[in-house]
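We did not get these values from a lab; they are worked out from the coordinates using the rules stated. Remember, predicted model here, so these are calculated numbers, not experimental data. Every residue, glycine as well, gets a Cβ built from its backbone with ideal geometry; the counts of neighbours run over all protein chains shown.
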Amino acid sequence: MTYTFAVPAADQVTATTHFLARLSFETDVSDVYADLTAGIPGLVVVDSRGTAAWTQGHLPGAVHLPTAEIATLAAEAVPVGATVVTYCWGPGCNGATRAALEFARLGYPVKEMLGGYEYWVREGLPVVTGTGLTRRSVDELTAPRSTVSCDC
């Protein structure tokens, strides 16, 4: 039996609709980093983890807004009309998904950052810690050492 072809690939229209929908809900760490670096207006990155996790390290410029506080504090922390990108620990955690749901319920345009804090760090991107801005070495299983982007 062949597993890849056990279910045929979708037709062009169905596949296009599916993948476009996914991209409207998700972004990745490289794209978020590129937009933050370029100073793209209207982008607000929200760290939905708790205080201990935030203190351990977070993305530069991120807003700390734990999921349980989004409904009551979003209007104070995120400008109306901003596009929100949520992140949590990593791909094994659905905290960013729950945070994105809260922002969607409040009417914000929102995307979830795939990979979360874990992949941000593993790709060697800068984080803010108690000692200031720092970077870890790139994990070559997640990103090429010579550049920030995989050129995909």
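Quick look at the values:
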| item | result |
| --- | --- |
| Total formal charge among the other residues, if their Cβ is under 13 angstrom from that of GLU112, Lys/Arg +1 and Asp/Glu -1 | -2 |
| Separation of the ARG136 and ALA104 label points, Cα + 7 Å toward Cβ, nm | 2.9 |
| Charged-residue dipole, Cβ positions (Lys, Arg, Asp, Glu), segment 20-134 about Cα centre, Debye nearest 20 | 140 |
| Highest-MSF residue in the chain out of ALA74, ALA62, ALA38 [GNM, Cα springs under 10 Å] | ALA38 |
| Radius 12 Å from Cβ of HIS58, net charge of other residues (Lys, Arg +1; Asp, Glu -1) | 0 |
| Long-range HN-HN contacts of ASP28 with modeled amide H, under 5 Å | LEU114 |
| Chain lengthening between MET1 and VAL13 when straightened (0.36 nm per residue, less Cα-Cα) | 1.6 nm |
| Kirkwood Rh, angstrom, segment 23-92 [1 / mean 1/r, Cα pairs] | 12.8 |
| Top of VAL78, VAL13, VAL138 by mean-square fluctuation, Gaussian network on the chain, Cα under 10 Å | VAL13 |
| Residues whose placed amide H lies under 5 Å from that of VAL63, excluding near-sequence neighbours | VAL45, VAL46, ASP47 |
| Beta bridges per DSSP with both ends in the chain, % antiparallel, nearest 5 | 25 |
| Folded to 0 to 90 degrees: helix 95-105 orientation relative to the chain principal axis, Cα | 90 |
| Residue-averaged [θ]222 nm for the chain, counting only DSSP H segments that reach four residues, each worth -39500 (n - 2.57) | -11500 deg cm²/dmol |
